[in-house]
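Comments concern the structure below.
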Amino acid sequence: MLDDLKPAGKPLVAVDNLKMHFPIYGGLLRRRTGEVKAVDGISFEIFEGETLGLVGESGCGKSTVGRALLRLYELTGGTVKIDDYDIAHASPEALRKMRPTMQMIFQDPQASLNPRMTVADIIGEPLREHQAGSKLEREDRVLELMDQVGLNRDFANRYPHEFSGGQRQRIGIARALALNPKFIVCDEPIAALDVSIQAQVVNLLEELQDSLGLTYLFISHDLSMVRHIADRVAVMYLGRIVELAPREEIYAEPLHPYTKALLSAVPEPDPSIESSVERVILTGDVPSPSNPPKGCNFCTRCPSVMDVCKQVEPKFQEVRPGRFLACHLFEYPTPDTNESATNGAG
Amino acid sequence: MPDGALPVLDVRDLKTVFKTRSGEVHAVNSVTFDVKPGELLGVVGESGSGKSVTMMSLIGLLPSPPADVKEGQVLFGGQDLLKINPNDLRHVRGGEIGFVFQDPMTSLNPVFNVGFQIMEPLRIHMGLNKSQARARAVELLELVGIPDAGRRLKDYPHQFSGGMRQRVMIAIALACDPKVLIADEPTTALDVTIQAQIIELVKELREKLGMAIIWITHDLGVIAGIADRVMVMYGGQVVEQAPVRELFGNPQHPYTRALLQTIPSVRGARAEKLNVIEGQPPILAGAPTACPFRDRCPQRFERCDAENPVRRAVGGAGHDAACHYDFKAGGPHVG
């Protein structure tokens, strides 16, 4: 249990105050009228060989974080260091040289594979682009990769549409592995798959991590799958990380009111437990990221909201060893009166 | 739910076939089930298992061709919905049988305000005039928990969030006091916290209004929380059917058993390694002559290749499964 909590090694990925704002243009002259603060100042580290789960609801900015880490966007602010290289400020040539270290697995295996390329071409493309080895060596590598992800070698010359969803996701994984990356961003890799196939892909990702020493950022909205695969879990809400903690602790004892509500909302696939689950039903919807509320982003829906939450933005800080939290409840001692007064809202 | 109550909807031996260039696809094969008044029947299955096609077949929502509802009976209110004329069916559909679809954005018409869309069934099916329909529409929006209902009637679907849109869909489905509400993956497109809101809402509405609900989903967690009875579909067939606790506690079909083991939970002990159902779901070309699950089944033996199993009573009351293997005896079923 204890060795679970201590991530081994040094941070491979260090993110400091990452901001990603997208402009909104409007009016007759298409002037800039505002911005969507998709990611608004988040910091975290991912250790070597670790899986960091990044969870949150749609629109909270989790996919944007994944893309920003690989600099698929030009960042609005902050720094991202992968393996001690500053990704955020690297020149295009330097960035291209770093690309093999960091790869991505996308959500929709249908949309992320070119329908006109054969499987061998798709998996071999990164090798060609980065001129890894001779043509023969590349062909061997493609077949080796297909073995590694459990695809039949005989299908190397088939096209993506001839494969099922789970197999297509394996093609995407093989492509991501082609250049021996250290760090892979998995952006909802199982969301488009059926339950029985999800487990196959998750087990494959875990096996590959063990054998190749990979580090993952696993982005997902599926809290039960994240509990299975992640070592530590970060919870995002409206562009910010509200809680980051080792897996066992966050699932056993969530501290942030949003994490509590999120976990309690997950349906339990066992009717005998399900009826005894205490639910925190949040009211209302997530506010717009172009116009976030003053103070804490969660203050409009929080069952334990206090006056200070509507004025001051809570700091993201370590409240216990290894547990990071952005909530006023943990800066001031819990006011019992306040909680009982507002709990009835659900 | 009294066991002896007559079913409000009784489906027998439903067969739906799609004609394609590469032959017939047997999407629904001899599906038999019923729903009692006030009961919530959960239908679980993966994509392609035939759960949505079954529901669309029984109220004539499939385009024909390519779809062809070949055989079967759908008994509802003393008539067979597969035999009655399209006009009468239109009055059942949207009137006595309500529908909620998965994606609330594509199932609402973007160019009409939601007031119009809620009043439409009220005026067509119930013959209400404009002001009556409007009053009822406000009542319905309040019922599904949309604040400031009177003003929001004028809003268009894009002005609502995903969860609110699904509430509007539910209001439309409930407009004519249906006896049966068919909800096809109604929370799949929603976030978990919003899903929890919608599930609470449906539970409340069911107590208040007492209609029967058929809830289609691939999420066993959702089913465990709301269903009275569960029907598991695989490869276009019903493979197992039981009261909810019986199904989760004592599954008797290898597919159900495997499925229950593959899903992780956020509560309780954490599994070190996920159990996997190897292989892929079947391709439903041609009429089935063998068990659809046989290629992925750990219990497979000769009879599974030779004969498609029919549902037989197993375990406790109201529990049946379509499998040649008897888990209680630890061997093939005799007879």
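Structure notes:
- Its alpha carbons considered, region A:150-243 gives a radius of gyration followed by a Dmax of 14.4, 47 Å.
- Burial of accessible area (probe 1.4 Å, heavy atoms of protein chains only) in region B:259-297, relative to its chain alone, reaches at least 40 Å² for B:Ile263, B:Pro264, B:Ser265, B:Val266, B:Arg267, B:Arg270, B:Lys273, B:Leu274, B:Val276, B:Gln280.
- Surface composition of region B:16-62: carbon and sulfur atoms hold 57% of the protein heavy-atom accessible area at a 1.4 Å probe.
- Pairwise centroid distance, computed over Cα atoms, of region B:243-282 with region A:224-270, Å: 22 Å
- When chain B is reduced to its Cα atoms, the Kirkwood hydrodynamic radius in Å: 21.1 Å
- Annotation: the antiparallel percentage among DSSP beta bridges lying fully within chain A is about 65.
- Straight Cα distances below 16 angstrom link B:Lys36 to the lysines B:Lys179, with same-chain residues fewer than 8 positions distant left out.
- Burial annotation for region A:268-289: residues with an accessible-area loss of at least 30 Å² between the isolated chain and the complete set of protein chains, computed on heavy atoms with a 1.4 Å probe, are A:Glu268, A:Pro269, A:Pro271, A:Glu274, A:Ile281, A:Leu282, A:Asp285.
- Whichever lysines have a C-alpha closer than 20 Å to that of B:Lys130, once near sequence neighbours (fewer than 8 apart) are set aside: B:Lys154
- Taking the 1.4 Å solvent-accessible surface of chain A as the whole, the part contributed by carbon and sulfur is 49%.
- For the protein assembly as shown, the ratio of Cα radius of gyration to the globular rule of thumb 2.2 N^0.38 Å stands at 1.01.
- Converting the Cα gyration tensor eigenvalues of region B:220-335 into ellipsoid dimensions via √(5λ) gives semi-axes, longest first, of 23, 17, 14 Å.
- Once divided by 2.2 N^0.38 Å, the Cα radius of gyration of region B:153-279 becomes 1.22.
- Annotation: the antiparallel percentage among DSSP beta bridges lying fully within the protein assembly as shown is about 65.
- Per residue accessible area of region B:86-138, 1.4 Å probe, in Å²: 54 Å²
- Reducing region B:66-115 and region A:39-90 to their Cα centroids gives an inter-centroid distance of 47 Å.
- Degrees between helix A:135-148 axis and first principal axis of chain A (Cα, 0 to 90, nearest 10): 50 degrees
- For the listed residue pairs A:Lys19/A:Lys294; A:Lys182/A:Lys260; A:Lys62/B:Lys51; B:Lys19/B:Lys70; B:Lys15/B:Lys203, the alpha carbons are over 23 angstrom apart in A:Lys182/A:Lys260; A:Lys62/B:Lys51; B:Lys15/B:Lys203.
- Hz values of 3J(HN,Hα) by residue in region B:285-299 - Karplus curve (6.51, -1.76, 1.60), Gly and Pro given as x: 7, x, 5, x, 10, 9, 5, x, 8, 4, 5, 10, 9, x, 8
- Helix A:165-177 axis, angle to chain A major axis (alpha carbon atoms, nearest 10°): 80 degrees
- Exposure rank, largest accessible area first [B:Met233, B:Met105, A:Met117; 1.4 Å]: B:Met105, A:Met117, B:Met233
- Sites listed here are GluC sites (Glu not before Pro) in region B:188-287 whose DSSP assignment is loop and whose Cβ has at most 14 other Cβ atoms within 10 Å: B:Glu272, B:Glu278.
- Among the GluC sites (Glu not before Pro) found in region A:198-297, those both in a DSSP coil and sparsely packed, with 12 or fewer other Cβ atoms within 10 Å of their Cβ, are A:Glu278.
- Near A:Val233, the amide H atoms lying under 5 Å from its own belong to A:Gly53, A:Ala245, A:Arg247; only residues 5 or more places off or on other chains count, and H is placed 1.01 Å from N.
- Sulfur and carbon atoms: percent of accessible area, region B:85-169 [1.4 Å]: 53 percent
- Within the shell defined by Cβ-Cβ distances under 9 Å, the residues around A:Tyr25 carry a net charge of +3, with Lys and Arg each +1 and Asp and Glu each -1.
- The H on the amide N of A:Glu313, modeled in the peptide plane, is under 5 Å from the matching H of A:Gly295, each at least 5 residues off or on a different chain.
- Relative to the longest principal axis of the Cα atoms of chain B, helix B:192-209 runs at roughly 80 degrees.
- Interface size A-B, as summed buried accessible area [1.4 Å probe, Å², nearest 100]: 3700 Å²
- Per-residue Karplus couplings for region A:203-213, computed as 6.51 cos²θ - 1.76 cosθ + 1.60 with θ equal to phi - 60°, are listed in order as 4, 4, 4, 5, 4, 5, 4, 5, 7, 10, x Hz, Gly and Pro entered as x.
- Under-5 Å amide H pairs with A:Val36, H placed in peptide plane, nonlocal only: A:Phe22, A:Ile24
- Applying both filters, DSSP loop and at most 15 other Cβ atoms within 10 Å, to the GluC sites (Glu not before Pro) of region A:36-91 gives A:Glu74.
- Bins of 5 Å, starting at 0 and running to the largest distance - Cα pair percent for region A:65-122: 4, 16, 25, 19, 14, 13, 8, 2
The values are calculated or read from the model by the stated rules, or taken from the named source; none is laboratory data. Here the structure is a predicted model, which is why all the values come from computation and not from measurement. Every residue, glycine as well, gets a Cβ built from its backbone with ideal geometry; the counts of neighbours run over all protein chains shown. When the accessible area is computed, the model is the full protein with side chains, heavy atoms only, and any ligands, DNA or RNA have been set aside. Shrake-Rupley method; radii C 1.70, N 1.55, O 1.52, S 1.80 Å.
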